[in-house]
Amino acid sequence: MSNRLSPFLAVMMALGFAFLYGPIASVIVYSFNASRLVTVWAGFSVRWYGELFANEQIMRAALTSFEIALMSATGALILGTATGFVLSRYRRFIGRYFFGALVTGPLVMPEVITGLSLLLLFVAMEQLFGWPRGRGISTIVIAHITLGMAYVSVVIEARLSAFDRSLEEAALDLGARPWKVFAVITLPLIAPALVAGWLLAFTLSFDDLVIASFTTGPSATTLPMVIFSSVRLGLSPQINALATILLVVVAAFILISARLVARTRRSAGS
């Protein structure tokens, strides 16, 4: 049986890739357009990249998004690792399936519902406890941790489920305490999964628009929110330049994450 693609399948695959990535390619190409009109090519230029970096509003929003993503990814990694460890190592305890459903719920729940529910929660907490006073970076971070830890826990649980526990058992037999075994043996062996989970949570937080829009206030504006507002008023060549930079950064994160996950699966299978 031949492994070669038929001409029909090759054409369909090419059309599918063109449909998916053609608009992205046009954004990248027109980010180097000299004309202010985003649909008229007037020659090669990098002027919009210069104007982009001189735009204080966009730079401030990018710094805010980076700060939020950094804190959210770190918090999601800590909570997601603990959750994945519990789900993997403690198979039988009362309410395990209910706990697992609560953890993975954000994976399938629409972001509009998640954002609205968190908004109502923050409003109720402010009325009852006086915290948080208004909404801003802290509320966005909490919301993004809720979303990111679900993804991290799935990655960590999958890695720990295929983990060879003979090394841990040998260390315990030699007198090492459980926390020592976890810090010296378990964490280094699942380090690729930890990095992959952190990168995934960082990317999800940095790119989020819906949940951040519900849980933020006047004191914090993220980069996706600025982009969405700018596009509603008319597409600017600066947005094309910004989108190109974001595509490169996000693609790099995704490739690194995919490579680490693939390495983790190979090491688990060996």
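The values are calculated or read from the model by the stated rules, or taken from the named source; none is laboratory data. Predicted model only: the values in this text are computed from it and were never measured. Every residue, glycine as well, gets a Cβ built from its backbone with ideal geometry; the counts of neighbours run over all protein chains shown.
Here are some notes:
- Selected residue (only one of 219, 153, 229 is at pLDDT 85 or above, hydroxyl-bearing (Ser, Thr, Tyr) and over 22 Å from residue 90 (Cβ atoms)): 229
- Residue list for region 60-111, restricted to those being farther than 19 Å from residue 215 by Cβ, of a type in the set (S, T, N, Q) and surrounded by fewer than 18 Cβ atoms within 10 Å (Cβ to Cβ): 88, 104
- Note on region 158-169: among residues that are in a helix (DSSP H, G or I) and at pLDDT below 85, the one that is nearest to residue 220 (Cα to Cα) is 161.
- Members of region 103-159 that are of a type in the set (Asp, Glu) and either touching a Lys or Arg at 6+ places or on another chain (Cβ under 6 Å) or touching a residue at least 24 places away in the same chain (Cβ under 8 Å) (or both): 111, 157
- Extreme residue, surrounded by the fewest Cβ atoms within 10 Å (Cβ to Cβ), among residues of region 191-248 that are of a type in the set (Phe, Trp, Tyr) and over 19 Å from residue 152 (Cα atoms): 228
- Taken over region 21-53, residues that are closer than 17 Å to residue 246 by Cβ and part of a helix (DSSP H, G or I) amount to 14.
- Scanning region 54-108 for residues that are out of contact with any helix residue (DSSP H, G or I) (no Cβ under 8 Å at 6 or more places or on another chain), within 29 Å of residue 246 (Cβ to Cβ) and at pLDDT below 90 returns a single hit, 108.
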